[in-house]
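Reading through the C-alpha cells given below for one structure.
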C-alpha cells in the first residue's frame, strides 16, 4: 500500500455505512459459542413462526403530526403498506422481503438502506418508484385496479426526505469538527500511555469521519459496538477482548494485534487493500508510524466492516481453508463420522425467512464450540 501525504488536513470523504448494521446484528463466524439448540423446529432461528392467519391489525403505528411527515405517511400508506407494513398487509401472511415497517417513519428514516436523509435521489424508496419497480403489484403483477403514485405524491416523499437532512444538520451544529491532524494527535497521545512492549503492535479503527458527517449519537454507538464485535469475530484466540474508545467523542478505538492472535503480516493484508491511505502532514503521524513500525496504524471503521467481514480478506485474516474438507481438518471435525454415529444434531424448517424452500441445518461439535452446516 502506498501512503499519500495529505498537506491540506481536509476531511476524508464520507462513505455510507450500511454494512455496520449487518455486522452488528449478524453472526460473522462459522464457529460460535452455544446459545441453546433445538433438535427440531418449524421456522428459522430468529424468525417468528408464521401463523395460519394474516398478521393482526393491532399494530401500534404512530401517525405523524408534522404536515410534511404526514403527507409522506399518507403516500406510503396508500401505495406501500399493503405489502410492507405489519398490521396493514393485504393478501399475504408476512411482509414482502421481510420488510414490514414502512409506516414507522422514524425507523424508516434511520435505515440508510431505504432512506438517505437530505438526498431523495439517493434513497432507495424513491428510486424504486421512479424506476417503476414499486409498487410491485402494479408493475409486476399488473393489477389494473390500483393506481400508481402520482407526481404530487412522489414530490411529497421527496420533501419529507429533504426535511430529514435539515434535522440532521441542526443536530450536528454543536459538534466540534475533528480534523485528521487532531485525530493523529489523539492517537499519538494515547500511544504514550500504552505499555512499552505493546506499542509496536498497537493499531486503531477510526469513526471520526462519521461523526463529522453528522451521524447521530445512537448510530455512533451502534458503529462502535459493531467494530468491537467484528474485531472479536476476526480473532484467532478464544478470549473475548474488551475495547473502548480512546477519545472523548468515542471515534477512535485502539486494539492490539497480539490480543487478536494476529501477526504484523495480517495487518499488512489489511493495508494491501485499503484505499484511503492518506497520511496527515504532521509530526504526530510520523511518531505513530515509526513507533508502530507500519506505514499506517489506523483504518476507517466503515471500510473495515465492509471489507473484512467478507472474502477474500475475511478468509485470509482467519486463515480459513479454501474447501470444506480442509475446513474439517482445521476444526478437528469429521462430518461423515458424526452422521454415521448419529451425533450430529439437525433442525428442519418448513417455513424459512431466507428461502422459499424447506431447509435443514446440521450442528457438529468441535473443540472450540460448534460447526453449523446449512
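Only the coordinates and a few stated rules stand behind these numbers; no lab work does. This is a predicted model, so every value here is computed, not measured. Positions of Cβ are backbone-derived with ideal geometry, glycine not excepted, and every protein chain shown enters the neighbour counts.
Before moving on, here are some points about what is shown:
- A Förster distance of 22 Å, applied to the separation of the beta-carbon atoms of residue 272 and residue 321, puts the FRET efficiency at 0.55.
- Sorted by Cβ neighbour density within 10 Å, fewest at the top, the residues 60, 319, 372: 60, 319, 372
- Net length available on complete extension from residue 242 to residue 196 is 14.6 nm, with 0.36 nm assigned per residue and the Cα-Cα distance removed.
- Counted residue by residue at 0.36 nm each, then reduced by the alpha carbon distance between them, the extension gain from residue 155 to residue 121 reaches 11.1 nm.
- Percent RCO, i.e. relative contact order, over segment 324-373, from Cα pairs under 8 Å lying at least 6 residues apart: 30 percent
- In this simple spin-label approximation, residue 310 and residue 373 carry label points 7 Å from Cα along the Cα→Cβ vector, and these lie 2.7 nm apart.
- Chain lengthening between residue 289 and residue 141 when straightened (0.36 nm per residue, less Cα-Cα): 47.4 nm
- Gyration tensor over alpha-carbon atoms, segment 67-172, equivalent ellipsoid semi-axes in Å: 24, 15, 12
- Segment 67-172, relative contact order in percent, only Cα pairs under 8 angstrom and at least six apart counted: 28 percent
- Estimated distance in nm for a label pair at residue 219 and residue 172, the labels positioned 7 Å out from Cα along Cα-to-Cβ: 0.8 nm
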